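Reviewing the structure listed below.
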Amino acid sequence: MPDADRRDMLEKGFSNHMADKEQGPLLGRSNPAGKLPQPEKKFQEAVCVLLVELCERFTFFGIVCNMILFCTVKLGYSSYQAAIVNMCFVGTSTLTPVLAGWLAEYLVGRIKLVCICMFLHFLGTALLPVVSFPFEDVYINRRHVLHALPKREQKIVFYFALLTASLGIGGIRAIVCPLSAYSLEDCGPKELLSFFNWFHWLVNLNSAVVFVSISYIQQSVARNLGFLIPFVSGLMAMITIHMIRGEMIYKPKTDSSLLTTFGVIASALKTRCVRYRYFSTGVSNWLDHAKENHGGQYSETQVEGTKSLARLFPLFTFQILYRTCIMQIPSGYYLQTMNSNLHFSGFVLPVAAMNVISIVPLLILVPILECINSWLFSSKDTGHSPTIYIVVGHLSAALSVMVAGFSEIHRKHFPQVEQTLSEEVLLVSSMPCFHLAPQYILLGVAEALVTPSCSLLSFRLVPERMRGISMHFLALFNGAGCFMGAFFVQTAHAGTQGNWFPHLLHEGKLERFFFFLASLMMVNTLGFWTIAHRYNNLHQDCSNEFRGSLPGEKLLKHEKVIKHYNAVLESSPILSPMEKT
């Protein structure tokens, strides 16, 4: 009886301890008198997070959509330089949420960092219209011209605005709009994939509106209405301040951190090198060298969490080159469209409006994929993994870049005509820009298949306490893909003396750059296909598997084994009474 009571107390205490550690509440989730009821408050939180998310994306896409046109026409950059600037801005905006999340937890604090990031976001988006403002067109007394910013100061302000805007974007994404704020802990694979599908559907619907409206305003109607972007940023700031005052800023679990993960990897490598040199190794996984009982510096809990995350590193690595292909939409594809005939029935299409063609397949495919997933996940006998979606999406991206190469050859066969963009006359091909639609469509299909599936695998295949870290690593590798795209452009331009990525497309061989990238992407697709089977089991309970390695769980298991062994001894007819005592 005392043994049973002691075991029950130990099990209850451990269960309560695990429940307390894994709860991860929101600030202000208690419901004191005078506060909103829990369902109403949850609905208000969801609406606020969604509004901030849409405003942030509106601002981000508003900056990206015509950056190449602005850099080439207003700042006098070459085509390859404008493409590099655009990809670096996207990459920086992808990486800054990771930095902001770390600062919020260890240095600044979440509320302070939200205020700082909102200020940086507003400052950056307010400075961009100042850079683009046509001071030379403002006359005083019909004779004097208002002095314009010199080119050097104009570029300094431009880069400072991009940096502050990207830092602000990172803080907002990491603190106000993290995925963990949507309460996905209890969702299964089907519900998670459905969430990621519709989440990216909504984000891309927002970007479609931006690409059509803002790009047309900036390019054709009134370039100075870029002040609309700071207005949206200010609206986002007011919503965020309301969330802070209403205690709706999400506070994630703090059991794991990015620095702890890097520390486990570094400690394992260091201990492994020492033991490999002086002692024989007897561990099943190289990360076990970081455990305290193997000479490392980290607990078994931290190491086991890192081991589950390390399984996803091959998946993340194969996304780098895929993200480089996706970055051709705001760089190589944009330049192709800008150098094609944009006239359609007497109307000049915005260059960035062609991006909508890549969004339309995603908006169409998501409802279709929802029906397919409902049918596939309905079978309980056979598990379904979205890795096949990733393989097909990678293949579609490779085909898109290859088609872009053939489209570039086709575009050069048309005679050149003059075309006015942002009050500048450019010499472009007379080929209608709609001939480039197939490459946009193929990349849109790739995004519809790959991005939600990768988010699902990154979120599902790790324990609950490691999910935020897993999404941070996915962001790190996606940002690396953006910077790799910039590196490829710089290398191709420098290595071929501007032939593979020329300033004037009709004077170079841009198609060779596309064919080179397509060949790399095909190899990348085959490489991922060979390891895709590692991520087929979505129904494994990572949380239970993770908890089973904790010391408390091991103690409970040992006690159960001892109890079972004693029961066998007492009931065994083979043993003599002497042996039983």
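Worth pointing out:
- Evaluation of residue 223 against (1) crowded, with 17+ Cβ neighbours inside 10 Å; (2) of a type in the set (Lys, Arg); (3) at pLDDT 65 or above (one fails), failing number: (3)
- Meets criteria (surrounded by fewer than 16 Cβ atoms within 10 Å (Cβ to Cβ), at pLDDT 90 or above and outside the structural domain of residue 63 (by the TED database)) for residue 368: no
- Within segment 59-105, being charged (D, E, K, R) and either in a helix (DSSP H, G or I) or crowded, with 23+ Cβ neighbours inside 10 Å (or both) holds for one residue alone: 105.
- Residue within segment 133-151 that is at pLDDT 70 or above, open to solvent by less than 20 Å² (accessible area, probe 1.4 Å) and part of a helix (DSSP H, G or I) present: no
- Some residue of segment 383-393 being modelled with pLDDT of 90 or more and open to solvent by less than 10 Å² (accessible area, probe 1.4 Å): yes
- Residue in segment 344-352 that is open to solvent by less than 10 Å² (accessible area, probe 1.4 Å), under 30 Å from residue 391 (Cα atoms) and not small (Gly, Ala, Ser) present: no
- Of residues in segment 171-198 being over 28 Å from residue 111 (Cα atoms) and among the polar types (S, T, N, Q), the one modelled with the lowest pLDDT: 194
- Condition met for residue 328 (open to solvent by less than 10 Å² (accessible area, probe 1.4 Å), part of a loop (DSSP other than H, G, I, E, B) and of a type outside the set (Lys, Arg)): yes
- Enumeration of residues in segment 407-420 that are under 20 Å from residue 501 (Cβ atoms) and either at pLDDT 95 or above or assigned to a strand (DSSP E or B) (or both): 416
The values are calculated or read from the model by the stated rules, or taken from the named source; none is laboratory data. The shown structure was predicted, so the numbers you read here are calculated from the model rather than taken from an experiment. As a convention, Cβ positions derive from the backbone with ideal geometry for all residues, glycine included, and neighbour counts pool all protein chains shown. Keep in mind that these areas ignore ligands, DNA and RNA; they rest on the heavy atoms of the full protein, side chains included. Shrake-Rupley method; radii C 1.70, N 1.55, O 1.52, S 1.80 Å.
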